[in-house]
Amino acid sequence: MSSRRNFLQTAMGLGVGVFSSARAFASAQSEHHHMHTNRGMQVVPGKRNGSRATHPVLVETPDLAELPWRMEGGVKEFHLVAEPVKQELVPGKVANLWGFNGSAPGPTIQVNQGDRVRIVVDNHLPEPFSMHWHGFEIPHNMDGAPGTSQDPIKPGGRFIYEFTLHQEGTYFYHSHLAMQEMIGMLGAFIMHPKQPYAPGVDRDFVILLQEYAILPSNQTPNSMNMEFNWLTFNGKTGPATTPLVVRLGDRVRIRMINLGMDHHPIHLHGHTFVVTGSEGGRQPKTTWAPGNTVLVGVAQARDVEFVANNPGDWMLHCHLPHHMMNQMSSTVGPLTRRPGMPMGVSMENGMGMLDGTPGVPLGDDYGPSLGRGIGVGSTNDQPTTNGPLSQPRAKEDIPSMQGEQMPGMQHGEEELPENANQIPGFPQDAFMEGPMMAMDKMVEKPENYGLRPGWSGFMQGMMTFVRVLTPDMYDKIMAMRAQKPADRQMPMMEHPHHGG
Ligand SMILES: [Cu+2]
């Protein structure tokens, strides 16, 4: 048995103890003033001794941290700081968001049913805010509804929330001011059950769903807008989302939480799952209907479970077509072919950015084009055909795009027919150019190891993988993940070679 395996088992034992027995909880109490964290144990799957885990396993929130706590007189004390953050959605696109403790969404909180918790919340935002504990059955003065259950927390101020949690399930915390919700202020709050769920799972993941309207070349979302062009899983957009890597045969739970303006039908390839929980906790087994797509409505959570019995790199994604894209905006397709091609009013107006043009927001100048109006009904209506580019002009324009790509992106040859520009509707997905937009190297990490070369060109928006791997490949990736990035022995990935 390798020493790594020994290490894993030791770590696993510790993780199990923290979350499964009152004894472990009591011993944790004795460690006053010591910060606890589950980090480092997150890679550890449930017991593999022939039977499935009979205890709750820790949740993993890919691409986000977990919030540590300290024990203070029998109370689990957490510290959250609301603050502006720079969140890299994908290499090359950093957004000015508001979040908690350095990220948007904020770090995941995990507690046990029955815990007494104290959450010290500091406001480092330039305006008042208050924190709502979504779905918690707690005293009204702890509910965080600004102005109605408490005074908003002033900039530089602090509010200490404290309550006992008798519930179990997938919950979340968020600012209770609407526009602050839309600029990122969300985090997961998982309550592990006293009585373990049956059947147990080997892996338990959390994915938070958010959406932003950020114009090209801009970094700050327009939270008033209703047409979203950046769609995220845990603050990342494809291909920067970190895949959920599981071992063939694992029973897997994925908990999804949505806070935005849209409902997201989340679809898993290659497997059939059952919905086992909502934002109100575990659902009775009699309600577990099979499916492969679950609608996660605004302000809802949905837990799904399945046995990962089909090997492969399976996509997990929102199935709203516009949520499977990055930088999606009204005229992006035609713009890639001929900058400035008109369609309705300008992109700024189409996305609800008021740019100082005279007139009132809902007047003729803007009205029909605000929000989701992508020019439909606009007084400036124009033919929307993508067609009338001349072939010589297209040939001139297309190669010039390559020079604008970021370093590290893979370039491909054009693989379009000669007459592509004469076909009405072109381009639809060709504007993304598949492998030409690939950036495998820029998003390289252990969890992506061994994916099909060029894969990243086809992953955008709310997309990630559930990678169901054979034990060999699984162990290899986990070993790479356990190494410090600098020490990683990651064999070079194969990249496609064009023109050869
Ligand atoms: Cu969606």
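Bear in mind these aren't lab numbers, they're just calculated from the coordinates by the rules spelled out. Treat the numbers as computed from the prediction; the structure is a model and nothing was measured. Cβ: placed from backbone, ideal geometry, glycine included. Neighbour counts: every protein chain shown.
Can you give me the convex hull volume of the Cα atoms of region 88-150, divided per residue and expressed in Å³? Display every interim value, and only then the final one.
Working: hull volume 7.7 nm³, N = 63.
About 123 Å³ per residue, rounded to a whole number.
Can you sort Ser149, Ser175 so the residue with the fewest Cβ neighbours within 10 Å comes first? Could the numbers behind the result be given before it?
Details: Ser149 15, Ser175 26.
By the 10 Å Cβ count, ascending, the order reads Ser149, Ser175.
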Violating pairs (Cα-Cα greater than 29 angstrom) within the set Lys236/Lys476; Lys194/Lys484; Lys76/Lys154: Lys194/Lys484
Between Asn292 and Asp487, what FRET efficiency comes out of the Förster formula 1/(1 + (r/R0)^6) with R0 = 30 Å and r the beta carbon distance, rounded to 0.05? 0.15
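Quick one: if the Förster radius is 51 Å, what FRET efficiency do Thr148 and Lys476 give, using the C-beta to C-beta distance and rounding to 0.05? List each step's numbers first, then the result.
Values: r = 54 Å, r/R0 = 1.05.
That gives a FRET efficiency of 0.40.
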